[in-house]
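The values are calculated or read from the model by the stated rules, or taken from the named source; none is laboratory data. Only a predicted model underlies this, so the values are computations on that prediction, with no experimental measurement involved. Every residue, glycine as well, gets a Cβ built from its backbone with ideal geometry; the counts of neighbours run over all protein chains shown.
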Amino acid sequence: MSEPASLSATAAGADAVAPALSGPRGPRPRKRLSRANIIVYGTLIVVSLYYLLPLYVMVVTSLKGMPEIRLGNIFAPPMEITFEPWVKAWSEACTGLNCDGLSRGFWNSVRITVPSVVLSIAIASVNGYALANWRFKGADVFFTILIFGAFIPYQVMLYPIVILLREMGLYGTLGGLVIVHSIFGMPILTLLFRNYFTSLPEELFKAARVDGAGFWGIYFRIMLPMSLPIFVVAMILQVTGIWNDFLFGVVYTKPDIYPMTVQLNNIVNSVQGVKEYNVNMAATLLTGLVPLVIYFVSGKLFVRGIAAGAVKG
Amino acid sequence: MAHARPNPLFRNLMAKLAAIPMILTAMVVFVGGTAWTVTYSFTNSKLLPREKFVGLQQYERLWETERWMVSIENLMIYGICSMVLSLLIGFVLAALMDQKIRFENTFRTIILYPFALSFIVTGLVWQWILNPEFGIQGIVRGMGWVGFTFDPLYNAQIVIFGILIAGLWQGTGLVMVLMLAGLRGIDQEIWKAARVDGIPMWKTYLFIVIPMMRPVFITTLVIIASGIVKLYDLVVAQTSGGPGIASEVPAKYVYDYMFSGQNLGQGFAASTMMLLAVLIVVIPWAYLEFGGKKRV
């Protein structure tokens, strides 16, 4: 993917280092094996193993049968691999009276995430575009309030939003939750899009104006096609963020439409019945799978998305 | 960017219309919602909001409630440890990654992946690893050290550190990435100059590079701090506030009083205190960062 010049410093830095590493071949200079290098690589390898450990434990636990788990070592690889916990977690695990597994939560999360991502990106990209190219009086004031709003603890706004949604007849519905995600995604996304559109050459915008293009014309015909990478970044940010949300899901929806995270927590932390650790870990892994896949596939774009949060406006 | 607009009112109209969602969010939800909650924290609302003002009564009750005091204490311990440790670990890892190493992408991918996972997943995995019967404690005991005790999630004294372990695992990767971006922003000439002068590497980091990275540190700190105040899902997943009330946190106090305890006034007062805590961090930062100069 061709990436514009305004890449995050991390990615740009990593690219700059790459050529230095693919230098001349041949016998390695002795310095490479210096004590300093051993310490650097040794530390990084130990740290990496520590970070991988929970993922490993999740995988091996989810592939064991309960008798094997009771015997003992959570770090031991399974003696007998079974996929039954996965099947059970997906289609049979119980929350309260419902025993149709985590699949319900999965599809709920899909139905929540897709419209939320589309709506929040649509709103925020138009906002960012208006702020970057069509500044009107007072725009900066609203934008500053919006950014400061990102720091207000959600807890402060939870109840007023309950009232607003109730007035609109959307409290406890999927639509209501979609609106909530769009609201709370707005500060960071608007900042992201505003900064990106500001970095585009102004001449383009001026030329389009001279040619008679209007607000929407310029947005759809010039800005949108030029900004696909930033839309991908915004999508990564939103899909993982919304998929991982717990608080809004539990506050603004009802048990039938609980997102996957809420249902997962209810399954694992339910007090009734015998604890089936293998099913629990399979369920946990299933819930983490979507953001993990996005993370491993998107690579540097993910880094760019989170770095956007750190770049001041 | 000032454009000469032949028909400014009409041209601006479209942008203004397009900005309506942003204006509504900023004014109605962020400003209006906050003002509403703060106002109603002075009422004695129970099941439903009521306009019966009782002054500071909710706050007095709040600070007399043991659970709130435990929550505050936990958040302080978690917050300070989390800020210090994640900055320290994050910076050291970033410095290691900055040594022109091979497989940098692999290492970064591994250390950052927990950040893609939700707090619920994080909390549940660590709940399992720290399970006294089957987890680390059980394994060490199984190896023959029968008296070994490591059960942070079942010991009220240290339960918050059990949550800290999980929180650090999830969040340090982010700090490392931000720090690495900061390190890459340092002029390479600085390193050359330090080497020529014979200054050892650790001294260069401590006395030259870190002071130069001050803005990165401050921004990172604000990001970590505003995340810490919101600490909620992790506790719910890992301990549900237990054992007893030993791992309660303010955000959970707010949720429980608002949506299960049916004592809205307490919830509003507690959330207002959370807001106050954030303002104490954010306002000086915003003043330092943006004060005086106009934002561009």
Take residue A:116 and decide whether it is away from chain B (no Cβ under 12 Å) and either closer than 21 Å to residue A:240 by Cα or of a type in the set (Lys, Arg) (or both). yes
Residues that are of a type in the set (A, V, I, L, M) and more than 10 Å from chain B (Cβ to nearest Cβ): which helices (runs of 4 or more DSSP H) entirely in region A:146-260 hold 2 or more of them? A:154-168, A:174-199, A:202-210, A:228-244
When the residues of region A:77-101 are narrowed to those that are surrounded by 13 or more Cβ atoms within 10 Å (Cβ to Cβ) and among the aliphatic types (A, V, I, L, M), which ends up farthest from residue A:58 (Cα to Cα)? A:93
Filter pass, residue A:128 being in contact with a helix residue (DSSP H, G or I) (Cβ under 9 Å, 6 or more places away or on another chain), closer than 29 Å to residue B:13 by Cβ and facing chain B (nearest Cβ under 8 Å): no
Residues of region B:102-121 that turn out to be in contact with a helix residue (DSSP H, G or I) (Cβ under 6 Å, 6 or more places away or on another chain) and either more than 8 Å from every other protein chain (Cβ to nearest Cβ) or assigned to a loop (DSSP other than H, G, I, E, B) (or both), as a count: 2
Residue B:125 - would you say it is surrounded by 22 or more Cβ atoms within 10 Å (Cβ to Cβ), assigned to a helix (DSSP H, G or I) and within 26 Å of the chain's Cα centre (by Cα)? yes
Scan B:178, B:164, B:168, B:153 and give me the residue that is aliphatic (A, V, I, L, M), at the interface with chain A (Cβ under 10 Å from one of its Cβ atoms) and not in a loop (DSSP other than H, G, I, E, B). B:178
Output for region B:254-285, where each listed residue is in contact (Cβ under 8 Å) with a residue 40 or more places away in the chain and more than 17 Å from the chain's Cα centre (by Cα): B:262, B:263, B:264, B:265, B:266, B:268, B:269, B:270, B:272
Only one of (1) free of Cβ contacts under 8 Å to residues at least 12 places away in the same chain; (2) within 11 Å of another protein chain (Cβ to nearest Cβ) is not met by residue B:216, so which one is it? (1)
Could you say whether any residue in region B:77-96 is at the interface with another protein chain (Cβ under 7 Å from one of its Cβ atoms) and either part of a helix (DSSP H, G or I) or not charged (D, E, K, R) (or both)? yes
Among (1) crowded, with 20+ Cβ neighbours inside 10 Å; (2) within 11 Å of chain A (Cβ to nearest Cβ); (3) of a type in the set (S, T, N, Q), where does residue B:39 come up short? (1)
Restricting to region A:219-264, what's the tally of residues that are under 25 Å from residue A:88 (Cα atoms) and touching a His at 6+ places or on another chain (Cβ under 9 Å)? 1
Output the number of residues of region B:127-149 satisfying the condition of being more than 7 Å from every other protein chain (Cβ to nearest Cβ), on the phi < 0 side of the Ramachandran plot and not basic (Lys, Arg). 14
Suppose the filter is of a type in the set (Phe, Trp, Tyr), closer than 14 Å to residue A:252 by Cβ and surrounded by 17 or more Cβ atoms within 10 Å (Cβ to Cβ); does residue A:184 pass it? yes
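The rows are residues; the columns are (1) at the interface with another protein chain (Cβ under 10 Å from one of its Cβ atoms); (2) closer than 30 Å to residue A:266 by Cα.
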site	(1), (2)
B:195	no, no
B:223	yes, yes
B:248	no, yes
B:256	no, yes
Screening A:241, A:212, A:217, A:249 for residues that are buried (at least 24 other Cβ atoms within 10 Å of the Cβ) and either in the same structural domain as residue A:163 (by TED's automatic domain parsing) or touching a strand residue (DSSP E or B) at 6+ places or on another chain (Cβ under 7 Å) (or both) leaves only A:249
Cβ-Cβ below 6 Å, separation at least six or inter-chain, first residue in region B:46-75 and surrounded by 15 or more Cβ atoms within 10 Å (Cβ to Cβ), second charged (D, E, K, R): which pairs? B:67/B:248; B:70/B:248; B:71/B:248
Mind telling me which of the residues A:285, A:289 ends up being surrounded by fewer than 21 Cβ atoms within 10 Å (Cβ to Cβ), closer than 20 Å to residue A:82 by Cβ and modelled with pLDDT of 90 or more? A:289
